[in-house]
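Participant: Structure incoming, see below.
The values are calculated or read from the model by the stated rules, or taken from the named source; none is laboratory data. In this text the structure is predicted, and so the values were computed from the model without any measurement. Every residue, glycine as well, gets a Cβ built from its backbone with ideal geometry; the counts of neighbours run over all protein chains shown. What goes into the accessible areas is simple: the full protein's heavy atoms, side chains included, and nothing from ligands, DNA or RNA. Shrake-Rupley method; radii C 1.70, N 1.55, O 1.52, S 1.80 Å.
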Amino acid sequence: MRRQEWLSILAQASPKAVADAVRTVTPQPSYKLLRAPESGMIMLRGRAGGSGRRFNLGEATLTRCSVKVDGGSIGHGYVLGRSPQHAEQIALLDALLQDPSHHQDLWDAVIAPLAKARAAEKDSKARKTAATKVDFFTMVRGESE
Amino acid sequence: MYVAVKGGEQAIDNAHRLLAEERRGNPEQQEISVAQISGQLALAVDRVMAEGSLYDRELAALAIKQARGDMIEAIFLLRAYRTTLPRFGYSEPLRSDRMQVRRRVSATFKDLPGGQLLGPTFDYTHRLLDMTLLDDGEPSAQPAAERVGESSDGPLPRVVDLLNDEGLIETETPADERDVGDLTRESLTFPAGRDLRLQNLARADEGFLLGLGYSTQRGYGNNHPFAGEIRMGEVAVEFVPEELGFPIEIGEITVTECQMINQFQGSEQAPPQFTRGYGLVFGQSERKAMSMALVDRALRASELGEEAENPAQDEEFVLYHSDNVQATGFVEHLKLPHYVDFQSELTVLRRLRADFETASGPVPEAAE
């Protein structure tokens, strides 16, 4: 599902990258807030042993927002942290991305580059981690003759 | 019992002004920023998030700054802040098997698929003070090395799931039909389920858990632990908003997970096998995750038909004393005015003393 994908990519991107992306939309869309940005918490869950019974691990801050683009769709923004502007801009882009007349442009100009940047960042992290991989070798004990 | 007393407003006001001045420290030094605390005292921030039970780096760093580095005070501040926020819902259970791993070691299997990844660890450092850090200079160390070609990016399966063909290690099953207890919403009752125990341990005081975990190793409830796997890295947080009806990733958090494997002789119900203890903690904190796993396993004593005769196996003892905000509240309340209480104790004591003297003659003077 592409909506799931773009919402995830936008939430994982830096607030600045999302703000820059919104600025490129022409003409600037007019919209109204269905639900103004609001910060709260989400209870994060784990599983015993990683795969067993669920338990409540602890909370995290979360900001959400919903908008309606004039003459267009409703969009929702959810992002970890206390970041009202980020949540609002995700909601706006979510609404615009559902609009066939904006979708492909936004996907190419915003979502694809953000996804690429994130992949590059993860890759760099993975390479640094991989450099700390232990290469075992067997110590030969000298008594075998 | 302590009682409200009036007066002292001016003194309190001045004490807080003095506190603010001391917090700031020498005004000739640059003030430390919350971003600096978050970036350079990252493990302190991790601890405050874990025990404050709220994942928010900026708020935890702010709490450390405001508390002048007093960790329990900072944890208290974060706990107090979280009571002001509404809860929007519950995440999907975190998938530690899909973690972007930045550290992963096993003390039980040398050649595990994906390898042993040391990551950013204090292990193998010489614990010598690095005097070059005194000089505010840029670190002389080289930037982190990168290994090109071979990436560890793909998800690394959990060791305990991977190397269990013979079924010698106990397996964990989801049991999602069971409700998930929440000790922030209802008070603890005993026996507590493993869900409540793990929630309690995840936010428990690191020092308390470390001491209890250590006690199990020293013979107070020994269960012969092996560190099956310790991993640290980033996991995505998935949430299903009501209006969408499907899960979306709303960000990622850093966690440390420990799978402890323990000897088990078997009981009438269960064959001899390795049993497991589990630790999962916000941020990078191996010590806490390992201690949690030791204590989790110790608390499973009655479930596994073991004698529970040591402190770490005593559910009420552990769960009632593990929370450092509760503990500090009760210990520190002793400094509040107990004047009336103490006066009545004095009166009683004087009467007892008079009775004693009537019965046995005068009390001898204290030795010279």
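Participant: Having 3 or more residues that are in contact with a Pro (Cβ under 9 Å, 6 or more places away or on another chain) is the bar; report the helices (runs of 4 or more DSSP H) wholly within segment B:223-337 that clear it.
Facilitator: B:286-299, B:315-321
Participant: Here's a follow-up. Please enumerate the residues belonging to segment A:40-58 that are surrounded by fewer than 24 Cβ atoms within 10 Å (Cβ to Cβ) and closer than 12 Å to B:Leu54 by Cβ.
Facilitator: Answer for segment A:40-58, where residues must be surrounded by fewer than 24 Cβ atoms within 10 Å (Cβ to Cβ) and closer than 12 Å to B:Leu54 by Cβ: A:Gly40, A:Met41, A:Ile42, A:Met43.
Participant: Please pick out the residue among A:Leu106, A:Leu92 that is buried (at least 16 other Cβ atoms within 10 Å of the Cβ) and either more than 22 Å from A:Pro37 (Cα to Cα) or at pLDDT below 95 (or both).
Facilitator: Just one listed residue meets the conditions, A:Leu106.
Participant: So B:Thr171 ticks every box in (1) touching a strand residue (DSSP E or B) at 6+ places or on another chain (Cβ under 7 Å); (2) within 10 Å of chain A (Cβ to nearest Cβ); (3) at pLDDT below 95 but one. Which box is left unticked?
Facilitator: (1)
Participant: Tell me yes or no: at least one residue of segment B:229-236 is touching a Phe, Trp or Tyr at 6+ places or on another chain (Cβ under 9 Å), within 9 Å of chain A (Cβ to nearest Cβ) and aliphatic (A, V, I, L, M).
Facilitator: Residues of segment B:229-236 that are touching a Phe, Trp or Tyr at 6+ places or on another chain (Cβ under 9 Å), as a first pass: B:229.
Checking which are within 9 Å of chain A (Cβ to nearest Cβ) leaves us with none.
Taking every residue of segment B:229-236 in turn, none turns out to be touching a Phe, Trp or Tyr at 6+ places or on another chain (Cβ under 9 Å), within 9 Å of chain A (Cβ to nearest Cβ) and aliphatic (A, V, I, L, M).
Participant: Wholly within segment B:22-109, which helices (runs of 4 or more DSSP H) include no fewer than the required count, namely at least 1 residues that are under 21 Å from B:Leu201 (Cβ atoms)?
Facilitator: Result: B:42-52, B:57-66, B:71-82.
Participant: Right, something else. Limited to segment B:270-289, what total is found for residues that are open to solvent by 10 Å² or more (accessible area, probe 1.4 Å) and touching a residue at least 24 places away in the same chain (Cβ under 8 Å)?
Facilitator: 7
Participant: Moving on. Within the set of pairs 6 or more residues apart or between chains, which connect a residue that is within 12 Å of chain B (Cβ to nearest Cβ) and closer than 15 Å to B:Phe239 by Cα inside segment A:71-94 to a residue that is open to solvent by 30 Å² or more (accessible area, probe 1.4 Å) and assigned to a loop (DSSP other than H, G, I, E, B) with Cβ atoms less than 8 Å apart?
Facilitator: Close Cβ pairs satisfying both conditions: A:His76/B:Glu243.
Participant: Residues to consider are A:Arg82, A:Arg118; find the one that is open to solvent by 10 Å² or more (accessible area, probe 1.4 Å) and either hydroxyl-bearing (Ser, Thr, Tyr) or not in a loop (DSSP other than H, G, I, E, B) (or both).
Facilitator: A:Arg118
Participant: Quick check on A:Thr129: is it facing chain B (nearest Cβ under 9 Å), in contact with a strand residue (DSSP E or B) (Cβ under 9 Å, 6 or more places away or on another chain), at pLDDT below 95 and surrounded by 19 or more Cβ atoms within 10 Å (Cβ to Cβ)?
Facilitator: Here the answer is yes, as A:Thr129 does meet what is asked.
Participant: Pull up segment B:47-70, narrow it to residues that are within 20 Å of B:Gln199 (Cα to Cα) and more than 10 Å from chain A (Cβ to nearest Cβ), then point me to the one that is surrounded by the fewest Cβ atoms within 10 Å (Cβ to Cβ).
Facilitator: Residue satisfying both the conditions and the ranking: B:Arg47.
Participant: Being out of contact with any strand residue (DSSP E or B) (no Cβ under 6 Å at 6 or more places or on another chain), within 9 Å of chain A (Cβ to nearest Cβ) and at pLDDT 90 or above is true for just one of B:Gly219, B:Gly211, B:Gly193. Which residue is that? I'd like the intermediate steps shown before the answer.
Facilitator: Details: B:Gly219 fails: within 9 Å of chain A (Cβ to nearest Cβ); B:Gly211 fails: within 9 Å of chain A (Cβ to nearest Cβ).
On inspection, the qualifying residue turns out to be B:Gly193.
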